[in-house]
Amino acid sequence: MSAPAVPAPLAYVPNALTVLRLALIPVFVAVLISAEGGRSWPAAILFGVAGVSDQIDGWLARRWRVESAFGKVADPLADRLMIDAAVILLVVVHHRLPWPALALVLARDALLMGGYKLIVPRGYELSVNLLGKVATRLLYAALAFVMVTRDGTQWPLWIFWAGLGLALGAGALYVMSALRVVRQ
């Protein structure tokens, strides 16, 4: 089954959604910083819009088979930056997440971003795995739930730790895949 014919302007919609997500990051940061105690429906809604637009742009890119080189890099980068911004603010500014959460998220993302720059010139092609997609969805959901619940509510943290565990597992899979390419 071939991809549906897509008019040229529509082929840019997935990339436009990624740019929108990148543009939402400073707005989200400003809203969450000003939130009393890290509890903010407006911040959670902005964060949720970013998460939903990620799903839409991914679906459109697969459906229309229009994913560009820009999208392959910028799409996961937009997710990492949005999630990292939320974790940093919820740990450092609002004390809603524990410090180990920040350490693990930043270490994983630094390893992946730094490793990506090293292995792409050797022929590695970035391909997001299913575990990474599930982890990203769980992290978006958990962090939005943290932003709308009272401090001390535990169930969003359970979702967060499950998402982070999956993200670490996905990161390990990316590293193993990259090592296979580099060793060839």
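The values are calculated or read from the model by the stated rules, or taken from the named source; none is laboratory data. No experiment lies behind these values; they were computed from the predicted model shown. Note that each Cβ is placed from the backbone with ideal geometry, even for glycine, and that neighbours are counted across all protein chains shown. Accessible surface areas use protein heavy atoms only, side chains included; no ligands, DNA or RNA. Shrake-Rupley method; radii C 1.70, N 1.55, O 1.52, S 1.80 Å.
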Equivalent ellipsoid, the stretch 51-126 (semi-axes from 5 times Cα gyration tensor eigenvalues, Å): 27, 18, 7
C-alpha long axis of helix 41-64 to longest principal axis of the chain, angle in °: 10
Accessible surface, the chain, averaged per residue in Å² (probe 1.4 Å): 53
Percent carbon-and-sulfur accessible area, the stretch 3-125, ignoring ligands, DNA and RNA, probe 1.4 Å: 73
Contour excess over end-to-end distance, with Cα ends at residue 173 and residue 20 and 0.36 nm allotted per residue: 52.2 nm
Under the Karplus curve 6.51 cos²θ - 1.76 cosθ + 1.60, θ = phi - 60°, whole-Hz ³J(HN,Hα) for the stretch 168-184, x wherever Gly or Pro sits: 5, x, 4, x, 5, 5, 4, 4, 4, 4, 5, 5, 4, 5, 5, 6, 6
Helix axis angle, 130-148 relative to the chain longest principal axis, alpha carbon, degrees: 30
Fully extended contour minus Cα-Cα distance, from residue 99 to residue 129, at 0.36 nm per residue: 8.1 nm
Paramagnetic label zone (point 7 Å from Cα along Cα-to-C-beta, residue 10; backbone N under 14 Å) in the stretch 42-77: 60-66
Helix 99-119 axis, angle to the chain major axis (alpha carbon atoms, nearest 10°): 20
Rounded to the nearest 20 debye, dipole of the stretch 81-137 from Cβ charges on Lys, Arg, Asp, Glu: 80
Per-pair calculated FRET efficiency, R0 = 35 Å: residue 65 and residue 183 via Cβ, rounded to 0.05: 0.70
